[in-house]
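A.B. asks: Below: one structure in C-alpha cells.
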Amino acid sequence: MPSHPLMTTLSIRLEKNWLDIIGDEFERRYMAQLKQFLQREKDAGRTIYPKCAEIFNALNSTAFDNTKVVIIGQDPYHGAGQANGLCFSVPRDIDIPPSLNNIYKEIEAEYGIQMPRHGDLTGWAAQGVLLLNATLTVQQDRAGSHQRKGWEEFTDAIIRTVNEKREHVVFLLWGSYAQKKGALIDRKKHRVLETSHPSRLSAHRGFRGCGHFKKANDYLKKHGSKPVEWQKI
C-alpha cells in the first residue's frame, strides 16, 4: 500500500520536540490501522479536513516546552475551508463559527474588551495554548466521521505526556466529550476547569459566565507563568 500523506506530514512537519516525546506512538498498532483507514478514505475519493499539511497544526504551533494551557475540542470543522488544525479556530477569511463567537463573548464579558473580528487563533497557540481536537481529521460534511479510528488514542498520549512532564498547566474542558479526557489529568498538579460546551445549544448551561479565561490567567500568574493575552490572535 502506498504511504498516506499523513506519514510524510509527520516526518517532515511535526515539531521536533513533540516528535522526540511522542514519536513512538507512530509505531503502535492503532496508528497503522489509522493510516489504513485514511488511505481507504482517500482511495474512495472522500474529502478530508483539515488539509494534510495542517493535521498536526496544534502541535506544530505550540511547542511542548511552551505549553501552559490546553483547550480540547471534539473534531475539526467539517465545512469547506473551515478547519485549520487548531480546535475552535478558522482561517481569517472564514466567518466566525457560533462556538467561537460564544468564546469571544465570554472573553469580552470577563475583560471588558472587544475581540478581533476573525477566527484564526494562531496567536493563542504562539503564546502556549495547545488547541487540540480529540480527533484530528474529519470527512467533509460528516461531523464525527473519524471518531474511534485511532486518533483518540493518539491525543490521549499527548495529554498524558503534558500531564506527566509539564507543571501547572491549565486544562479547559468544555462539554462531556472533552471532559472524558479529564481522567488522564492529575488535578493536584494542574488546574482543570470544566463547564458546558460553548455551542449554541449548550453555552447557556454553564459556559456563559464561567470565568475560565480569568481563572486560567490567575492560576498561571500564581505559578510564575505569563498570562495569556486572549485578545492577541
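A.B. asks: Remind me, relative contact order of the chain in percent, using alpha carbon pairs under 8 angstrom and six or more residues apart? Provide the component values of the computation, followed by the final result.
C.D. replies: Numbers: 404 pairs, mean separation 52.0, N = 233.
Dividing the mean separation by the residue count of the chain yields 22 percent.
A.B. asks: Next up: Per residue, how much accessible area does the chain show when a 1.4 Å probe rolls over the protein heavy atoms, in square angstrom? Could the numbers behind the result be given before it?
C.D. replies: Numbers: 10830 Å² over 233 residues.
On a per-residue basis, the chain sits at 46 Å².
A.B. asks: So what's the gap between the Cα centers of segment 160-226 and segment 53-124, to the nearest angstrom?
C.D. replies: Each part's Cα centre sits 15 Å from the other's.
A.B. asks: Out of segment 81-124, which GluC sites (Glu not before Pro) are coil in DSSP terms and have no more than 11 other C-beta atoms within 10 Å? Display every interim value, and only then the final one.
C.D. replies: Working: sites: E106, E108, E110; in loops: none.
Qualifying residues, ordered by number: none.
A.B. asks: Taking all protein chains as present, what is the carbon and sulfur share of the accessible area of the chain, in % to the nearest whole number, probe 1.4 Å?
C.D. replies: Working: 4850 of 10830 Å².
Summing carbon and sulfur atoms, their accessible area is 45 percent of the total for the chain.
A.B. asks: I would also like to ask the following. Need one number: % antiparallel among DSSP beta bridges in the chain, to the nearest 5.
C.D. replies: On the way: 3 of 17 bridges.
Around 20 percent of the beta bridges assigned by DSSP in the chain are antiparallel ones.
A.B. asks: Counting other C-beta atoms within 10 Å, and keeping those with at most 15, which DSSP coil GluC sites (Glu not before Pro) do you find in segment 163-233? Don't skip to the end; give the middle numbers.
C.D. replies: Numbers: sites: E164, E167, E194, E229; in loops: E167, E229.
Within segment 163-233, the qualifying GluC sites (Glu not before Pro) (loop, at most 15 other Cβ atoms within 10 Å) are E167, E229.
A.B. asks: Excluding residues on the same chain fewer than 8 positions from K51, give the aspartates and glutamates whose Cα lies under 18 Å from its Cα.
C.D. replies: By straight Cα distance, K51 reaches E15, E41, D43, D75, D93, D120, D141.
A.B. asks: On to the next question. Compute the longest continuous run of the chain that contains no exposed trypsin sites (Lys or Arg not before Pro); treat a site as exposed when its DSSP state is not H, G, I, E or B and it has at most 11 other Cβ atoms within 10 Å.
C.D. replies: Values: sites that count: R117, R148, R187, K188, K232.
Looking at the chain, 1-116 is the longest stretch - no exposed trypsin sites (Lys or Arg not before Pro) with at most 11 other Cβ atoms within 10 Å.
A.B. asks: Quick check: from the Cα gyration tensor, does segment 19-144 come out rounded (a/c under 1.5), prolate or oblate? Can you show the working numbers first?
C.D. replies: Details: a/c = 2.64, a/b = 1.43, b/c = 1.84.
Oblate shape, in that a/c is at least 1.5 and b/c is the bigger or equal ratio.
A.B. asks: Pairs K181/K222; K180/K232; K165/K222; K68/K222: which exceed 23 Å Cα-Cα? Walk me through the intermediate numbers first.
C.D. replies: Details: K181/K222 25 Å; K180/K232 29 Å; K165/K222 19 Å; K68/K222 13 Å.
Checking Cα-Cα distances, K181/K222; K180/K232 exceed 23 Å.
A.B. asks: Please label the shape of segment 128-224 as rounded, prolate or oblate, based on the square roots a ≥ b ≥ c of the eigenvalues of the alpha-carbon gyration tensor (a/c under 1.5 means rounded; beyond that, a/b larger than b/c means prolate, else oblate). Write out the running numbers ahead of the final one.
C.D. replies: Values: a/c = 2.35, a/b = 1.25, b/c = 1.87.
Oblate, since a/c reaches 1.5 and b/c is not below a/b.
A.B. asks: Give me the aspartates and glutamates in straight-line cross-link reach of K226: C-alpha distance below 15 Å, same-chain residues under 8 apart excluded.
C.D. replies: D65, E167, D218
The values are calculated or read from the model by the stated rules, or taken from the named source; none is laboratory data. Since this is a predicted model, take the numbers as computed values, not measurements. Backbone-built Cβ (ideal geometry, glycine too); neighbour counts: all protein chains shown. For the accessible areas, the whole protein counts, side chains as well, though only heavy atoms, and no ligand, DNA or RNA atoms are used. Shrake-Rupley method; radii C 1.70, N 1.55, O 1.52, S 1.80 Å.
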